[in-house]
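These notes concern the structure reproduced below.
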Amino acid sequence: MKAMKISGSFLFMLIFATLFSLTAATAKTPANVSGSVSVTGLVEKPFTITPESIRSMHPVERENSAIVCDSGQTRKTLKSYRGVLLRDVLDSAKVVMPNSKERGEYAVLVRSTDNYNVLFSYNELQYSTAGDNTWLIFEENSKPIRDDGLFVVFCSNDKFTGPRHVKYVNALEVLKIDAGKKLPLNCKDPSMK
């Protein structure tokens with residue numbers, strides 16, 4: 001059997017390629033990153049938003065926003081972001097509301113894979129300035145979002161934008177609150193247990 005001669009540079013390249021392959025094979029996508037956002041609940045046309053499909057939903061680019069927590073600390077500054085209004089997503093899904101007098105009982109639950117979920121009222125999204133500024137975004141500072149999942153929801157005109165800043169968004173669910181059920185007057189009420 002003939003012995004093979006291996007040069008130093010070939011051996012280096014072989015080791016480098018092996019290490020790179022092992023690193024790539026063991027690299028994992030974070031468990032809390034969802035590849036899509038489902039739009040479900042009380043809607044006529046449930047659908048799924050992907051990084052590709054959101055680009056056909058007429059996204060808008062905005063500038064200069066900050067994620068400010070309720071302590072007043074700025075967590076992140078966005079020089080720019082691209083996304084679609086949450087209201088436009090709801091309009092595409094066509095909220096099912098047989099009695100418009102009950103619209104104050106409807107809400108949109110923004111769900112995330114890390115279980116930080118936020119509730120927006122239907123009325124605020126449709127009829128207030130919050131609706132003009134509540135975004136499902138997919139780009140921050142001219143780059144696709146990666147560190148916070150693929151999609152983020154936030155209201156850019158909140159006094160403190162952090163509490164309603166939802167990372168790792170994976171679902172938008174339209175709900176109706178049961179306004180016929182009265183809430184207990186205090187926590188000592190037996191029905192609270």
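Which residues in segment 140-172 have a backbone N closer than 13 Å to a point placed 7 Å from the Cα of THR40 along the Cα-to-Cβ line?
Residues 170-172 fall inside that zone.
In 5 Å bins starting at zero, report the fraction of Cα pairs in segment 105-155 per bin as a rounded %.
5, 18, 25, 23, 16, 11, 2, 0
By counting other Cβ atoms within 10 Å of each Cβ, how are SER156, SER128 ranked from fewest to most?
Least to most surrounded, the residues fall as SER128, SER156.
Run the quick spin-label model on ALA66 and LYS159: label points 7 Å from Cα toward the beta carbon, then report their separation in nm to one decimal.
1.6
With only Lys, Arg, Asp and Glu charged, each at its Cβ (+1 for the first two, -1 for the last two), find how big the charge dipole of segment 66-160 is about the Cα centre; round to the nearest 20 debye.
My answer is approximately 160 debye.
Please give the length that would be gained between ASP114 and ARG55 if that part of the chain were fully extended, namely 0.36 nm times their separation in residues minus their C-alpha to C-alpha distance (nm, one decimal).
18.8 nm
Considering all projection directions equally, how large on average is the shadow of the alpha-carbon convex hull of segment 37-176, in square nanometres?
Values: hull surface 31.7 nm².
Convex hull of Cα atoms, orientation-averaged projection: 7.9 nm².
So how much slack lies between ARG146 and LYS181, counting 0.36 nm per residue of separation and subtracting their Cα-Cα distance, in nm?
Here the answer is 8.4 nm.
What distance in nm separates the two pseudo spin-label positions at THR129 and LYS94, each 7 Å out from Cα along the beta-carbon direction?
Once both label points are built, they end up 3.4 nm from each other.
Readers should treat all values here as calculations from the given coordinates under stated rules, not as data from a laboratory. Since we're looking at a predicted model, the values are computed, not measured. Using ideal geometry, Cβ is built from the backbone for each residue, glycine included, and neighbour counts are taken over all protein chains shown.
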